[in-house]
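Asks: Dumping the structure here so I can ask a few things about it.
Only the coordinates and a few stated rules stand behind these numbers; no lab work does. Just so you know, these numbers come straight off a predicted model, no measurement behind them. So basically every Cβ, Gly included, is an ideal-geometry build from the backbone, and we count neighbours across all protein chains shown.
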Amino acid sequence: MTHALALSLGYGVALLQSIALLCATHQGQVLTALHQPLPYTEYRRHKMANTLELIASTGAPSASVASLSFSSIPATFTDLLLVMSIRSTSTNNYGSVLFNSSSTGYTRRILYGNGSSVFSTAPTGYESLSINPSDATSSVFANYQMYIPNYAGSNNKSFTVDAVGENNGTTAQAIFHSGTWANSSAITSLTITSGVGDIAQYSTAYLYGVKNS
């Protein structure tokens, strides 16, 4: 995987296109069109000055694990991008991405579609991870990305999540989060866990730093 990728505001275009596809699910359309890796297509197509640099990667190559984590995140970037291919050992399809190991101060707005319905909600918990459950198609993983602008600043931290749960069937999920972590501390670590059970073997996570120049 290339460790330095072009980033652009075209990501917003890709997100709006994905939302349009999601909203079409009330007609019973399967989310097959979204079953592809999300983060890089638009970044490469629209060449801009901003760049991505790989900070670290982790995963579960040998066996399932209780959590994945990134620590000692440097404050030398403007934004962070977390990209994962992830699956749970349980039948639950949610988990958490904790900033600095904190489980408090998170608020979110979620848009969700599953191939037959679409709805939005505003939970106050910290479960911002959408993950493929163990009863999804065998050996298939969710595509997940979280974008965190101004992660090292002294203001509250905002974040967005763009995720698709893969499944070879008539039902699959696409989820978009927009949220805030009410904390002025710089984000120096991320901890990723499944809501129930463990993170399945062969899950992977990549953390990129985004520079404005």
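Asks: For every other residue with a beta carbon closer than 10 angstrom to the beta carbon of residue 142, add +1 if it is Lys or Arg and -1 if Asp or Glu, then tell me the sum.
Replies: Around residue 142, the charge tally is 0.
Asks: I've got another one for you. Run the simple label-point estimate for residue 53 and residue 168 please: 7 Å along Cα→C-beta, distance reported in nm.
Replies: Taking the simple label geometry, residue 53 and residue 168 are separated by 4.1 nm.
Asks: May I pose another question? Test of the criteria: in the range 141-213, which chymotrypsin sites (Phe, Trp or Tyr not before Pro) are in a DSSP loop and have at most 10 other Cβ atoms within 10 angstrom of their Cβ?
Replies: When the chymotrypsin sites (Phe, Trp or Tyr not before Pro) of the range 141-213 are filtered for loop state and at most 10 Cβ neighbours within 10 Å, nothing remains.
Asks: Moving on. Can you give me the long-range amide H partners of residue 50? Hydrogens built in the peptide plane at 1.01 Å from N, cutoff under 5 Å, separation of 5 or more residues or another chain.
Replies: 7
Asks: By the scheme Lys and Arg +1, Asp and Glu -1, what is the net charge of all other residues having a beta-carbon under 11 Å from that of residue 122?
Replies: After counting each charged neighbour, the total is +2.
Asks: A follow-up question, please. Tally Lys and Arg at +1 and Asp and Glu at -1 over the other residues with C-beta under 13 Å from the C-beta of residue 76: what net charge comes out?
Replies: Cβ neighbours under 13 Å give a net charge of -1.
Asks: Amide H of residue 198 versus every other amide H placed in the peptide plane: which residues, excluding those fewer than 5 positions away on the same chain, fall under 5 Å?
Replies: Here 89, 90 satisfy the definition.
Asks: Further question on the same structure: Sequence-distant or interchain residues sharing an amide H contact under 5 Å with residue 172, placed H: which?
Replies: Amide H neighbours of residue 172, under 5 Å, 5+ apart: 31, 115.
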